[in-house]
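J.: Have a look at this one.
The values are calculated or read from the model by the stated rules, or taken from the named source; none is laboratory data. Since we're looking at a predicted model, the values are computed, not measured. Ideal geometry is used to build each Cβ from the backbone, glycine not excepted, and the neighbour counts take in all protein chains shown. For the accessible areas, the whole protein counts, side chains as well, though only heavy atoms, and no ligand, DNA or RNA atoms are used. Shrake-Rupley method; radii C 1.70, N 1.55, O 1.52, S 1.80 Å.
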Amino acid sequence: FYSEILGMKNYSEQLLVVRLAVSRGFVWRCRQPGSFIMASSLGCRVPLSVLRTGHIAEGWIELAVQPAGPKTKELVRLAEHTADCGKKSWRISGPFEAGLLNIERLNMEEPMTVIAKGTAIAPFLNIMESIDEDKKMKIRLLIDTDKLTEDFLEEYLRDSWERVSLAEDTEKIISAIDDSSQIMLLAS
């Protein structure tokens, strides 16, 4: 189906967040940890993780797009073009919920280390919403911020996190993994 583009925010040439209008049921299904959609571009389907959802009654989802290859660059071009001419829509399908395996097996009593590179942090934001606040799960969040901007990090990562380079900070990462009984690795 075609989904109206409600808004776009360019954080940099390498990062765009798009807000799409969707039905209440679509929003509900996108709240599942690891949810992603497929957007049509150049005759192909491009998987995009759900970055954030509105309240059910609001009917929107947000997606982070890194225009690295021809399909994602075409999605950005379509978003910019349709915004200029007033059509503002993408063809999407989903949501699909197989993005994360064994999420139901998280032990809220045990600490967890999350290591993510770039916009691969998107599915974790849904997980954070689904974790019961009362249990106070201890999470150590290590992010390789390559291609992420400070504005993006401030808006989407309110909680404490640590900046790492996956290429250079191997000792720090290994130490964090050794100190944790649960590990989540996220890469796009």
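J.: Taking region 154-173 as the search range and keeping residues that are outside any loop (DSSP other than H, G, I, E, B) and either modelled with pLDDT under 90 or charged (D, E, K, R) (or both), which one is least open to solvent (accessible area, probe 1.4 Å)?
T.: Step by step, filter region 154-173, then rank; the result is Y156.
J.: Still on this structure, I have one more. Determine whether region 24-31 contains at least one residue that is open to solvent by 40 Å² or more (accessible area, probe 1.4 Å) and within 22 Å of P70 (Cβ to Cβ).
T.: No: region 24-31 contains no residue that is open to solvent by 40 Å² or more (accessible area, probe 1.4 Å) and within 22 Å of P70 (Cβ to Cβ).
J.: Can you tell me how many residues within region 66-106 are modelled with pLDDT under 70, open to solvent by 60 Å² or more (accessible area, probe 1.4 Å) and assigned to a loop (DSSP other than H, G, I, E, B)?
T.: Of the residues in that region, 4 qualify.
J.: Let me ask something else. For region 174-188, enumerate the residues that are open to solvent by less than 60 Å² (accessible area, probe 1.4 Å) and part of a loop (DSSP other than H, G, I, E, B). Steps first, answer last, please.
T.: Residues of region 174-188 that are open to solvent by less than 60 Å² (accessible area, probe 1.4 Å), as a first pass: 175-177, 180, 182, 184, 186.
Correct list: S180 only.
J.: Looking at (1) at pLDDT below 95; (2) open to solvent by 10 Å² or more (accessible area, probe 1.4 Å), which one does G54 not meet, given that it meets all the others?
T.: G54 satisfies every listed condition except (2).
J.: Could I ask something else about it? Read through the list (1) at pLDDT 90 or above; (2) open to solvent by 80 Å² or more (accessible area, probe 1.4 Å); (3) acidic (D, E), then give the number of the only condition that D144 fails.
T.: Going through (1) at pLDDT 90 or above; (2) open to solvent by 80 Å² or more (accessible area, probe 1.4 Å); (3) acidic (D, E) one by one, D144 breaks only (2).
J.: If a residue must be of a type in the set (D, E, K, R) and within 19 Å of I127 (Cβ to Cβ), how many such residues does region 1-58 contain?
T.: Quick first cut of region 1-58, residues of a type in the set (D, E, K, R) only: 4, 9, 13, 19, 24, 29, 31, 45, 52, 58.
Then keep just the ones that are within 19 Å of I127 (Cβ to Cβ); that gives 29, 31, 52.
Adding up the residues that qualify gives 3.
J.: Also, I was wondering about something else. Can you find, within region 32-51, the residue that is farthest from A187 (Cα to Cα) among those that are small (G, A, S) and either open to solvent by 10 Å² or more (accessible area, probe 1.4 Å) or assigned to a strand (DSSP E or B) (or both)?
T.: Just the residues of region 32-51 that are small (G, A, S), to begin with: 34-35, 39-41, 43, 49.
Subset that is either open to solvent by 10 Å² or more (accessible area, probe 1.4 Å) or assigned to a strand (DSSP E or B) (or both): 39-41, 43, 49.
Values: A39: 19, S40: 22, S41: 22, G43: 25, S49: 11 Å.
Here the residue is G43.
J.: Another question, then. Within region 52-65, how many residues turn out to be part of a loop (DSSP other than H, G, I, E, B) and at negative phi? It would help to see each step written out before you state the result.
T.: Just the residues of region 52-65 that are part of a loop (DSSP other than H, G, I, E, B), to begin with: 54-59.
Narrowing further to those that are at negative phi: 54-58.
Final tally of qualifying residues: 5.
J.: Output the number of the condition that S3 fails; it satisfies all remaining conditions of (1) over 17 Å from the mean Cα position of the chain (by Cα); (2) at pLDDT 90 or above; (3) surrounded by fewer than 19 Cβ atoms within 10 Å (Cβ to Cβ).
T.: (3) is the only condition that S3 fails.
J.: Identify the residue in region 10-23 that is closer than 18 Å to S89 by Cα and in a loop (DSSP other than H, G, I, E, B) and, among all such residues, is least open to solvent (accessible area, probe 1.4 Å). Before the answer, list the steps.
T.: Going residue by residue through region 10-23, those that are closer than 18 Å to S89 by Cα are 10, 16-23.
From what's left, in a loop (DSSP other than H, G, I, E, B): 22-23.
Details: V22: 18, S23: 70 Å².
Looking at residues that are closer than 18 Å to S89 by Cα and in a loop (DSSP other than H, G, I, E, B), I get V22.
J.: Conditions: (1) without any contact (Cβ under 8 Å) to a residue 60 or more places away in the chain; (2) in a strand (DSSP E or B). W28 meets all but one. Number of the miss?
T.: (2)
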